[in-house]
Each structure stands twice: as C-alpha cells, then as structure tokens.
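For reference, the structure I am asking about is given below.
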Amino acid sequence: MEVARLIPGRTARLIASVASIGLLAVGCATPPPANDKAAVAAYNQANDPYEPFNRAMLKFNLALDKAILKPVAYVYRENVADPLQTNVTNFLSNLRAPVIFANDLLQGEFERAGTTLMRFTMNSTFGVLGINDLAGDLGMEEHSEDFGQTLATWDVDDGPYLVLPIFGPSNPRDGVGILADSLMDPFGWVVPFEYRLGRAVGSAVDKRAQNYDHINDLEKNSLDFYAAIRSLYRQRRVEEIRNGVPASDSSIPGGISVVPQKPDGQQSKATSTEK
Amino acid sequence: MTRSPLKVLGAFLFLVLVYSAPAQAATPEDFVKNMGDKAFASLSEPGLTPEERTKRFRDLLNQAFDLPRIARFTLGRYWRTATEEEQQEFVQLFEKFVIQAYASRFQDMSGKKLNVLNAREISAAQALVLSEIQIPGKPPVKINWRIRSKEDVHKIVDVMVEGISMSVTQRDEFAAVIRQTGGKVGGLIEALRRKTSSD
C-alpha cells in the first residue's frame with residue numbers, strides 16, 4: 001500500500017491494517033483482457049484498482065451515515081433556525097483559517113494568504129469568534145485550501161482512488177493531506193482531545209446538513225452511486241487545486257472530444273488532463 | 001452571355017434572402033443570457049404542476065442543448081462498439097434520463113438569478129460562457145457553459161457546476177455501469193430502461 005509508505009507511525013499501521021483486511025476480504029479489481037480496448041481504457045481512466053474494497057468501504061460509510069449522521073443532520077437542519085446554522089458554519093470555517101493560511105503560504109499564494117489572515121483577524125474579533133462573516137460581507141470572500149491541494153501544486157500525483165473509513169472519497173495524496181492538516185492545525189496543539197472530537201462531529205453534522213438535498217438527489221438519480229461519487233470527487237479536487245480558474249482549452253473536462261469521431265486518440269488526451 | 005429576366009429575378013431574390021436573414025448574430029453570451037432568462041421565467045412560475053414543469057424543462061432542453069451530441073460523448077469509446085439500434089435507443093433513453101434527473105432540481109428558483117459574466121473562445125466553433133447563479137444569503141454558484149456554434153445557431157454541449165462537468169460525470173458513471181454489466185452497451189441500456197420507467 002502506497003499510503004503506508006507515506007504516513008508515518010501508528011496511523012499508518014492502522015490505515016494499512018484496515019486497508020489490508022479490506023483488500024484480503026474483497027480483493028482487487030480484475031483488469032479487463034488487453035484485447036478489449038474500450039474496457040481497458042475505461043479501467044485505466046477509473047484509476048481504481050481497489051474498487052471492490054472501495055465499494056465495500058462506501059457501503060460501510062453509508063451504513064454509518066444512515067444510522068447516525070443523516071438523522072442527526074436532519075434534526076439539526078429542521079429544528080435550528082437558518083441564521084443560527086449560518087453562524088455555526090461561519091464559526092467552524094473560521095477555525096479552519098490557520099490551516100488554510102499555512103497552505104496558502106506553502107503554495108506561494110501570498111495574496112490569498114493575506115485574504116485568509118485578514119478574514120481570520122476581522123471575523124475572530126468584530127465577527128465575535130467567527131460566528132459572523134464580516135470580512136465576507138466586505139468582499140473578502142472565503143476560499144479553502146488543504147495540504148492535499150498543496151501537494152498537488154507541488155506536482156505530487158493523486159494516486160489511485162481510495163475510499164477511507166469515515167473520511168470518505170480520497171486518494172493517497174489527499175489522505176496524507178488530511179493527516180498533515182490535522183498536524184499543522186494550531187487549535188489541535190493547544191486544546192484537549194475532547195474539543196477536537198467535538199469540532200470534528202460538529203463539522204460533520206454541519207457539512208452533512210448543508211449537502212442534505214444534494215446527496216439525496218444524487219442517490220436517487222444515479223445509476224451507479226459509487227461511480228458518480230468517484231467522478232464528482234475527482235473533478236471537484238481538480239477544480240479546487242486550480243482555485244476555480246477555468247483551465248485553458250485543452251484541459252477543460254470533456255473538452256477535447258465532445259464529438260468522439262476519433263475516440264481513442266482524442267479521449268485519451270482528455271483523460272490525461274483530467275487527473 | 002444573355003441575362004434572362006428570370007436570372008435577374010433569381011439574383012434579386014437571393015440578395016433579399018441573404019440580407020434579410022437574421023442580422024442580429026447573437027453571441028454565445030447573449031444566447032446563454034436569453035436561455036437563462038427564459039428558463040427562470042418559465043420554470044419559476046408559481047403554481048406549476050410537476051408535470052407541466054417537466055414538459056417545459058423538456059422543451060427548453062431540446063431547444064438549448066445538443067442532446068444527441070452529449071449522449072454520444074457520454075458513451076465515450078463504447079459508442080463505436082454499439083450497434084446502430086443501440087445507439088438510437090441510447091440517445092432516446094439518455095434524454096429521458098436527463099429530464100428525470102434534472103427537472104426536479106429546478107423546483108425552487110425563487111430569488112435566484114443567473115448572471116452571465118463573460119465568454120472565452122475555446123476553438124473556432126466552441127466557446128465557454130462563464131456565469132454564476134446568485135442565491136440569497138449564500139455564496140454564488142459558478143456555472144460554465146460550453147457552447148457550440150454553427151451558422152449562428154448556438155447549442156449547449158456541456159454544463160460545469162463549480163468545475164464539475166455534467167457530461168464527464170455521466171460518462172464516468174455510464175462507463176462503470178457498462179463495466180459491471182459485462183462490457184456491453186446493452187447492459188447500460190437495460191439499466192437506463194429500468195431507471196427511466198420507474199417513478
């Protein structure tokens with residue numbers, strides 16, 4: 001497992017053992033026969049050699065979601081007043097500012113780092129501990145960064161698709177990013193574990209409540225929920241890494257061959273830029 | 001060379017036709033703006049029944065989108081492995097599938113607004129129109145439209161919401177279904193049939 005080599009210590013062993021139990025239980029995806037060109041292309045494009053494990057992991061995550069997170073998020077969404085929910089969202093995103101700031105710097109995005117710093121300063125003080133997004137109202141819009149994105153800007157490959165327990169859709173690069181972000185978060189250094197746990201649970205409920213309708217919609221309208229999530233996750237990450245700037249013509253997803261007249265040559269180009 | 005009156009008349013008619021042809025060659029930006037205004041006006045009408053909304057959505061979809069082209073794209077490499085009958089049925093099912101999946105997403109449009117920001121050329125025949133949907137109390141949602149233009153007729157060939165392309169998502173999902181049903185387009189068609197005949 002690539003993850004194991006990249007993450008040090010106990011966590012790595014834990015992830016590796018969870019992953020290898022999963023892999024032992026369900027095995028790897030079988031590559032299609034080499035003479036079936038369309039199937040080979042689809043297989044390579046999916047870049048998901050651990051698909052059976054990932055599908056099992058999604059099932060596990062969905063079961064957890066249905067049992068705990070979804071009902072809690074529903075109650076929260078239906079019973080807490082909208083302005084208060086916005087306050088909670090603002091408070092939680094303000095806590096992320098130091099990590100975003102660090103990643104802005106690591107990516108050499110000094111202007112964005114300045115925005116993040118200003119936002120944090122203003123919202124933490126005049127915005128009362130971040131519950132009001134005053135800076136946003138003044139045109140300093142929030143943006144997100146994480147160490148997975150930083151690694152991507154350093155040309156680290158994302159690696160195969162990986163569904164992590166609880167964390168969900170990921171890949172080795174972004175998995176390392178999650179760990180690095182939690183290590184570089186100053187709030188994680190100074191406060192006890194209970195606080196961090198509470199914040200993690202709060203964030204999960206907040207996010208789940210915000211995406212409640214989207215997730216329902218996707219589940220209802222997809223032929224293959226797993227494949228839809230995989231595609232969305234990848235495209236979303238590419239967009240985040242580019243900071244929302246539309247790519248130059250050749251790398252717009254699906255851009256090259258809207259007419260698949262020469263599907264093989266043209267599409268492989270589109271695929272390679274998608275990663 | 002004699003000039004017969006008929007030829008002169010013919011030339012005259014030709015000129016009239018040429019010059020009276022749509023003088024207002026709409027840009028892709030105008031096209032998206034008009035389409036957006038129309039969609040918001042027609043789909044946000046209060047008291048619309050779900051059936052009526054679906055019908056209006058279908059009309060808009062067929063006017064503004066090049067659905068057969070999108071359908072073909074979403075099949076990717078498998079398009080060529082499909083028989084002609086399969087291709088035809090797939091295009092029909094794709095339209096049904098899109099309507100079923102997307103019509104309901106336009107239920108709540110009150111207070112929302114589509115702002116066309118600008119456009120950029122991608123190729124001689126294609127442009128990317130950048131826009132955003134403003135939602136009261138929330139950050140705007142970025143929507144980019146890929147427009148293909150031919151003889152001043154514009155058609156949408158892809159929509160990207162916050163960088164997520166509808167066509168690519170659909171293509172990836174369809175490829176997974178085909179892979180799971182034994183690598184045959186027939187398996188996907190069967191799944192689409194089932195999906196579009198339920199509810």
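With the requirement that a residue be farther than 19 Å from B:Phe97 by Cα, in contact with a Lys or Arg (Cβ under 7 Å, 6 or more places away or on another chain) and charged (D, E, K, R), what does region B:41-76 give you?
Correct list: empty.
Need at least 1 residues that are touching a residue at least 40 places away in the same chain (Cβ under 8 Å) and touching a Leu at 6+ places or on another chain (Cβ under 8 Å) per element, so show me which strands (runs of 3 or more DSSP E) inside region B:122-199 make the cut, counting only ones lying wholly within it.
Numbers: elements: B:126-134, B:141-150, B:153-161.
Here the list reads B:126-134, B:141-150.
Just for region A:203-225: of the residues that are of a type in the set (S, T, N, Q) and out of contact with any Leu (no Cβ under 7 Å at 6 or more places or on another chain), which one is nearest to the other protein chains (Cβ to nearest Cβ)? Write out each step before concluding.
Quick first cut of region A:203-225, residues of a type in the set (S, T, N, Q) only: A:203, A:210-211, A:216, A:221-222.
Restricting the remaining residues to those that are out of contact with any Leu (no Cβ under 7 Å at 6 or more places or on another chain) gives A:210-211, A:216, A:221-222.
Numbers: A:Gln210: 10, A:Asn211: 13, A:Asn216: 11, A:Asn221: 4, A:Ser222: 6 Å.
Among residues in region A:203-225 that are of a type in the set (S, T, N, Q) and out of contact with any Leu (no Cβ under 7 Å at 6 or more places or on another chain), the one nearest to the other protein chains (Cβ to nearest Cβ) is A:Asn221.
With respect to B:Ile189, is the statement that it is touching a Phe, Trp or Tyr at 6+ places or on another chain (Cβ under 7 Å) and either at pLDDT 90 or above or closer than 28 Å to B:Leu48 by Cβ (or both) true? Working first, answer last.
Numbers: touching a Phe, Trp or Tyr at 6+ places or on another chain (Cβ under 7 Å): yes; either at pLDDT 90 or above or closer than 28 Å to B:Leu48 by Cβ (or both): yes.
Considered against the rule, which asks whether it is touching a Phe, Trp or Tyr at 6+ places or on another chain (Cβ under 7 Å) and either at pLDDT 90 or above or closer than 28 Å to B:Leu48 by Cβ (or both), B:Ile189 comes out as yes.
Is there a residue being among the aromatic types (Phe, Trp, Tyr), in contact (Cβ under 8 Å) with a residue 12 or more places away in the chain, outside any loop (DSSP other than H, G, I, E, B) and closer than 15 Å to A:Ala204 by Cα anywhere in region A:55-65?
Quick first cut of region A:55-65, residues among the aromatic types (Phe, Trp, Tyr) only: A:60.
Next, from what is left, pick out any that are in contact (Cβ under 8 Å) with a residue 12 or more places away in the chain: A:60.
Okay, now just the ones that are also outside any loop (DSSP other than H, G, I, E, B), so A:60.
Filter once more, keeping what is closer than 15 Å to A:Ala204 by Cα: none.
No, that holds for no residue.
Let me ask another. Just to check your reading of the model, which residue among B:Leu117, B:Leu60 is away from chain A (no Cβ under 14 Å) and surrounded by fewer than 19 Cβ atoms within 10 Å (Cβ to Cβ)? Can you show your working first?
On the way: B:Leu117 fails: away from chain A (no Cβ under 14 Å).
Unique residue meeting the criteria: B:Leu60.
Could you identify the single residue in A:Val72, A:Val99 that is among the aliphatic types (A, V, I, L, M) and surrounded by fewer than 18 Cβ atoms within 10 Å (Cβ to Cβ)?
Numbers: A:Val99 fails: surrounded by fewer than 18 Cβ atoms within 10 Å (Cβ to Cβ).
Being among the aliphatic types (A, V, I, L, M) and surrounded by fewer than 18 Cβ atoms within 10 Å (Cβ to Cβ) holds for just one of A:Val72, A:Val99, which is A:Val72.
Looking at region B:143-199, which of its residues are within 13 Å of the chain's Cα centre (by Cα), of a type in the set (Val, Ile, Thr) and within 7 Å of chain A (Cβ to nearest Cβ)? Walk me through how you get there before you give the answer.
Applying the first criterion (within 13 Å of the chain's Cα centre (by Cα)) to region B:143-199 yields B:144-149, B:153-160, B:165-167.
Filter once more, keeping what is of a type in the set (Val, Ile, Thr): B:147, B:153, B:156-157, B:159.
Scanning region B:143-199 gives a single hit, B:Val157.
The values are calculated or read from the model by the stated rules, or taken from the named source; none is laboratory data. Worth saying up front: this structure is predicted, and the values here are computed from it rather than measured. All Cβ positions, even for glycine, are placed from backbone atoms using ideal geometry, and neighbour counts span all protein chains on display.
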